[in-house]
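Below is one structure, written out as structure tokens; comments come after it.
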Ligand SMILES: [Zn+2]
């Protein structure tokens, strides 16, 4: 997901709690339109951006559910 899209999601979602049911790679676009992965992950529901460490913790939690 594009990080701008994520920011918009986060704005709409507000500060409601979220279980982050689905998380995907956060991307941004170079000037030539190439998508890049910036190493962060983003929740497709609330737009919350997590770094690699948070993502690993999220994955572990998900596995144990
Ligand atoms: Zn979320």
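Summary table below
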{"quantity": "Per-region count, the stretch 25-64, residues closer than 22 Å to residue 13 by Cβ and part of a helix (DSSP H, G or I)", "calculated": "7"}
{"quantity": "Filter result (surrounded by fewer than 11 Cβ atoms within 10 Å (Cβ to Cβ) and within 15 Å of the ligand (Cβ to nearest atom)) within the stretch 22-56", "calculated": "22"}
{"quantity": "Number of the exception - residue 63 against (1) at pLDDT 90 or above; (2) within 16 Å of the ligand (Cβ to nearest atom); (3) at negative phi", "calculated": "(2)"}
{"quantity": "Verdict on residue 18 being within 13 Å of the ligand (Cβ to nearest atom), in contact with a strand residue (DSSP E or B) (Cβ under 9 Å, 6 or more places away or on another chain) and in a loop (DSSP other than H, G, I, E, B)", "calculated": "yes"}
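The values are calculated or read from the model by the stated rules, or taken from the named source; none is laboratory data. Here the structure is a predicted model, which means the values were calculated and not measured. Please note: Cβ atoms are built from the backbone with ideal geometry, for glycine as well, and neighbour counts cover all protein chains shown.
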